[in-house]
1. Looking at (1) open to solvent by less than 20 Å² (accessible area, probe 1.4 Å); (2) among the small types (Gly, Ala, Ser); (3) away from the ligand (no atom under 11 Å from the Cβ); (4) under 16 Å from the mean Cα position of the chain (by Cα), find the lone condition where ALA34 falls short.
2. Which of the residues that make up region 156-184 are modelled with pLDDT of 75 or more and either open to solvent by less than 100 Å² (accessible area, probe 1.4 Å) or in contact with a Phe, Trp or Tyr (Cβ under 8 Å, 6 or more places away or on another chain) (or both)?
3. MET62 fails exactly one of the following numbered conditions: (1) in a loop (DSSP other than H, G, I, E, B); (2) farther than 28 Å from THR123 by Cβ; (3) more than 13 Å from the ligand (Cβ to nearest atom). What is the number of that condition?
4. Please pick out the residue among GLU99, GLU82, GLU153 that is closer than 26 Å to GLN23 by Cα, at pLDDT 95 or above and touching a Cys at 6+ places or on another chain (Cβ under 9 Å).
5. What number of residues within region 22-57 satisfy the criterion of being touching a strand residue (DSSP E or B) at 6+ places or on another chain (Cβ under 6 Å) and in contact (Cβ under 8 Å) with a residue 12 or more places away in the chain?
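The values are calculated or read from the model by the stated rules, or taken from the named source; none is laboratory data. Because the structure is predicted, anything quoted here is derived from the model rather than measured. No Cβ is skipped: glycine too gets one built from the backbone with ideal geometry, and neighbour counts run over all protein chains shown. Protein only, heavy atoms only, side chains kept; ligands, DNA and RNA dropped before computing areas. Shrake-Rupley method; radii C 1.70, N 1.55, O 1.52, S 1.80 Å.
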Amino acid sequence: MTRVLYPGSFDPITKGHMDIIWQASNLFDEVVVAVMQNYSKKISFFSIEERLEMIKYLYRDMSNIKVISGSGATVDVAIQNECKAIIRGLRSLSDYDYEVTMQEINREISNNMINTICLFADTKYQSVSSSMVKELFNLDKDIIRYVEPTIKEKMLIKKRRTRFLRPLSLQNRKIIYRKLLRLL
Ligand code: ADP
């Protein structure tokens, strides 16, 4: 059985990521999607637990797609989960440059145990990234072309909640105080 690891931040998972998962699941027996704790990206939209839950929900009917969370070196997560290789998605030359370096390092630190396999992004999703989705979403633009409806829904819920938690303006504070006074 050939099991491969697809690591990423998936904050949030896009249709571009899902296309790579689909391609990999057609090539290998099992795909392990690993939501990795990425220390360089300090500010995240969703917590690791939220991302894990959403991706698990998307693949709830796919027995050959497993979803886990991971931290530390990707090669260690791959070895712990008995994966033969790491899957990465290529959208552009800048992705390629980054992946060439990463695969070299990963091969070296795993003593040639873990190889990297790059799959090409679908032309439809070549310019799609999680950051671009978040940017559009913050500008109140529709993101349905880039994410599944359940992900968009979760993003809207999160936005409503954080809006509620944001410090109130003086005007809003006055309105709330007035309402509270009326209740007393
Ligand atoms: P990273 O972990 O590199 O910060 P992501 O978590 O967004 O980035 O992506 C995980 C993997 O998925 C990377 O290999 C990335 O190149 C790839 N990927 C991201 N978006 C797309 C897309 N639209 N199409 C194909 N591959 C993608």
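1. Exception for ALA34: condition (3).
2. Across region 156-184, the qualifying residues are LEU156, ILE157, LYS158, LYS159, THR162.
3. So MET62 meets the others, but not (2).
4. Numbers: GLU82 fails: touching a Cys at 6+ places or on another chain (Cβ under 9 Å); GLU153 fails: touching a Cys at 6+ places or on another chain (Cβ under 9 Å).
Result of the check over GLU99, GLU82, GLU153: GLU99.
5. The first filter runs over region 22-57 and keeps only residues touching a strand residue (DSSP E or B) at 6+ places or on another chain (Cβ under 6 Å), leaving 23-25, 28, 30-36, 48, 51-52, 55-56.
Filter once more, keeping what is in contact (Cβ under 8 Å) with a residue 12 or more places away in the chain: 23-25, 28, 30-36, 48, 51-52, 55.
Counting residues in region 22-57 that are touching a strand residue (DSSP E or B) at 6+ places or on another chain (Cβ under 6 Å) and in contact (Cβ under 8 Å) with a residue 12 or more places away in the chain gives 15.
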